[in-house]
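I have placed the structure first, in the form of structure tokens, so that the comments after it can refer back to it.
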Amino acid sequence: MQATVYKSTGSWYIVKDKDGYTYKARLRGSFKKEGLTSTNPIAVGDIVRIELEDGTENTATIIEIEDRHNYITRISPHNKNQRHIVASNLDQCLLIATLRNPKTSMGFMDRFLTVCEMYHIPPIIVFNKHDIYRDKEMELYNSLKDIYENVGYKVMLCSFHNTAEMQAIDEVLHNKKTLFFGHSGVGKTTLINVLLDMELKTSDVSDWSGKGLHTTTFAEMYDLPNGGAIIDTPGIRELALADTTKKELSHYFPEMRAILNNCKFNDCMHFNDIDCAVKRAVEEGTISEERFISYLNILDTIEKETY
Ligand SMILES: Nc1nc2c(ncn2[C@@H]2O[C@H](COP(=O)(O)OP(=O)(O)OP(=O)(O)O)[C@@H](O)[C@H]2O)c(=O)[nH]1
Ligand SMILES: [Mg+2]
Ligand SMILES: [Zn+2]
């Protein structure tokens with residue numbers, strides 16, 4: 001029987017079949033793990049084949065995993081040589097950022113957007129906690145909105161108190177499987193509680209550090225009543241890029257990708273190369289300087305030149 005993974009705690013999985021029945025499932029001892037370099041063989045969103053365990057009605061064994069249509073990975077926080085699959089089979093990602101309490105840096109956002117580009121999963125940028133933005137945060141919001149809209153991304157402003165804004169979020173989620181991603185404390189679970197009328201655990205951001213308290217501990221998927229699903233994830237502190245090379249990086253910046261052919265050298269990395277179209281675009285202002293700085297910062301952290 002086929003089922004979808006809704007939650008993974010590492011040893012147990014909650015899976016749901018096409019009729020909506022849920023099962024507690026575990027991996028068969030002989031489950032094939034070869035070829036997998038990830039710390040988790042099964043992730044939320046995976047389509048698996050299960051068998052009911054003898055004498056039970058809702059305990060199952062996972063015997064096989066279907067090929068993933070796509071997935072998002074990050075470098076395991078415990079071991080930089082290992083990948084952790086955050087979720088799979090996604091239609092889009094909601095990058096939830098805040099400009100206050102806590103503040104998301106543009107560097108963090110650009111890393112995540114790069115990951116979305118690498119895995120061909122369209123991102124939508126949501127600036128949450130609109131209700132507490134002062135003039136200075138609104139100014140910053142307007143400039144970031146310009147930058148990201150110019151790149152081609154959808155940018156939304158949101159507060160869980162604001163019905164119209166929540167309605168707009170609800171609309172972009174309709175009939176899609178969406179990953180919610182962002183730092184701890186930005187309000188991922190709060191938005192899900194409002195959208196789905198649930199009472200999942202949330203916590204105030206620490207007064208002392210201005211950071212979230214890592215309230216959500218496992219990724220979990222929730223069905224939307226009118227079609228589609230949301231995957232809540234634990235907030236993450238940093239995002240290191242897995243599986244890319246210096247040469248490839250500019251392909252994951254859409255505004256750079258569009259003009260790469262105009263660089264003199266086809267292996268141009270756009271930092272000290274001669275006759276570089278990207279650097280020219282930055283000078284002329286058609287590529288944002290902030291985005292270019294993010295590019296250079298990420299470039300610096302990638303170890304491999306080429307594969
Ligand atoms: N002012 C304001 N506060 C919000 C908003 N959304 C969430 N919060 C608050 O932000 C805090 C953190 O919210 P959570 O939903 O727990 O954050 P999270 O992103 O799920 O955090 P982790 O599970 O730790 O990753 C809570 O105190 C929420 O009430 C918003 O739109 N405006
Ligand atoms: Mg949460
Ligand atoms: Zn160049």
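Points worth noting:
- Dipole magnitude of region 71-232, debye to nearest 20 (Cβ charges: Lys/Arg +1, Asp/Glu -1, about Cα centre): 640 debye
- Listed residue pairs exceeding 29 Å between alpha carbons, taken from 18/201; 279/304; 24/188; 16/176; 16/145; 7/246: 16/145; 7/246
- Only Lys, Arg (+1) and Asp, Glu (-1) charged, at Cβ; region 2-65 dipole about Cα centre in debye: 240 debye
- Choice from 83, 28, 74 with maximal GNM fluctuation in the chain (Cα, 10 Å cutoff): 28
- Free-standing Cys, the chain [no other Cys Cβ under 4.7 Å]: 93, 116, 158, 276
- For region 71-232: rounded, prolate or oblate by the Cα gyration tensor [a/c cutoff 1.5]: rounded
- Positive contributions from Lys and Arg (+1) and negative ones from Asp and Glu (-1), summed over other residues with Cβ under 15 Å from the Cβ of residue 175, come out at -2.
- Residue-wise HN-Hα couplings along region 265-272, as the Karplus relation 6.51 cos²θ - 1.76 cosθ + 1.60 with θ = phi - 60° gives them from phi, are 9, 6, 10, 4, 9, 6, 10, 10 Hz; Gly and Pro carry x.
- Here the calculated FRET efficiency for residue 196 and residue 299, from their Cβ-Cβ distance with R0 = 45 Å, stands at 0.70, rounded to the nearest 0.05.
- Global geometry of the chain, whether rounded, prolate or oblate, following the gyration tensor of its Cα atoms and the 1.5 cut on a/c: oblate
- Assuming charge only on the beta carbon of Lys and Arg (+1) and of Asp and Glu (-1), the dipole of the chain about its Cα centre is about 580 debye to the nearest 20.
- Total formal charge among the other residues, if their Cβ is under 14 angstrom from that of residue 111, Lys/Arg +1 and Asp/Glu -1: -3
- Phi-based couplings in Hz for region 288-304 (Karplus 6.51, -1.76, 1.60; Gly and Pro marked x): 5, 5, 4, 5, 5, 5, 4, 4, 5, 5, 5, 3, 5, 8, 8, 7, 8
- Of all DSSP bridge pairs formed entirely within the chain, close to 55 percent run antiparallel.
Bear in mind that the values in this text are calculations on the coordinates, not laboratory data. This structure is a prediction, so every number in the text was calculated from the model and none was measured. Positions of Cβ are generated from backbone atoms using ideal geometry, with glycine treated the same way; all protein chains shown enter the neighbour counts.
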